[in-house]
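Each value in this text was obtained by applying a stated rule to the coordinates, not by laboratory testing. The structure displayed is predicted, hence computed values, not measured ones. Reconstructed Cβ throughout: ideal geometry from the backbone, glycine too, with neighbour counts over all protein chains shown.
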Amino acid sequence: MITVALGLHVLAALVWVGGMFFAIMVLRLAAGELEPPVRAPLWGRVFAKFFPWVWMAVILLPLTGYFMIFDVWGGFAKLPMYLHLMHGIGLIMIAIYLHLWFAPYKRFRNALAAGDIPTAGANLNKIRIMVTVNLVIGLITSVIGSTGRYW
């Protein structure tokens, strides 16, 4: 069961962090050449396809992480420092995503539905900043998770 939990944990992290990397480092640059009335609806379609995968990660990562913390380590008391770091950083990433979902993304969707491209664009910029922050944090966490046991 540990192997399944670890496998799901790694896959969820790869989907989330890899998706953010693609969005920021590839799609954002390619879509930047488009005019706002084309770019904003494109991002709306991208988010509609990507965010369900992020929700899956936001649910699976804590579930599998806590399962492994208690099944493998017997709780937080015996947890190595690198796993405490992963845990804390992961909670910060989830909090950023939840804020993104319930604040700027909600405003972005509403503005897009109303045809208010300037407001949609302003919220898209806020989303970009939060995704960039989460990408950097996610990459750092990935390095911690993959190298921490060797510290």
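The magnitude of the dipole of the chain, with charges of +1 and -1 set on the Cβ of Lys/Arg and Asp/Glu and taken from the Cα centre, is near 160 debye. At full extension, Ala113 and Ala77 could sit 8.1 nm farther apart than now, given 0.36 nm per residue minus the alpha carbon distance. Membrane-span-like helices of the chain, defined as complete DSSP H segments with a Cα extent of 27 Å or more along the helix axis and a mean Kyte hydropathy of at least -0.5, are identified as 2-22, 36-72, 81-102, 117-147. The stretch between Thr132 and Leu14, if pulled fully straight at 0.36 nm per residue, gains 40.9 nm over its current Cα-Cα span.
Spatially, segment 75-105 and segment 17-50 are offset by 25 Å when compared through their Cα centroids.
For Arg149, project a label point 7 Å along Cα to C-beta. Then give me every residue of segment 1-25 with its amide nitrogen under 16 Å of that point. Residues 1-11 fall inside that zone.
Mean residue ellipticity, 222 nm, helices only, the chain: the sum of -39500 (n - 2.57) across DSSP H runs of n ≥ 4, divided by residue count and rounded to 500, is -28500 deg cm²/dmol.
Among the chymotrypsin sites (Phe, Trp or Tyr not before Pro) in segment 1-84, those placed in a DSSP loop whose Cβ has at most 13 other Cβ atoms within 10 Å are Trp73.
Using the Cβ-Cβ distance between Val4 and Leu42 with R0 = 25 Å, the FRET efficiency computed as 1/(1 + (r/R0)^6) comes to roughly 0.10. Across the options Thr119, Met56, Gly18, the greatest Cα extent toward the positive end of the charge dipole of the chain (unit charges at beta carbon of Lys, Arg, Asp, Glu) belongs to Thr119. Above 23 angstrom, tally the Cα pairs of the chain and express them as a % of all pairs, no decimals. I get 40 percent for the Cα pairs in the chain exceeding 23 Å.
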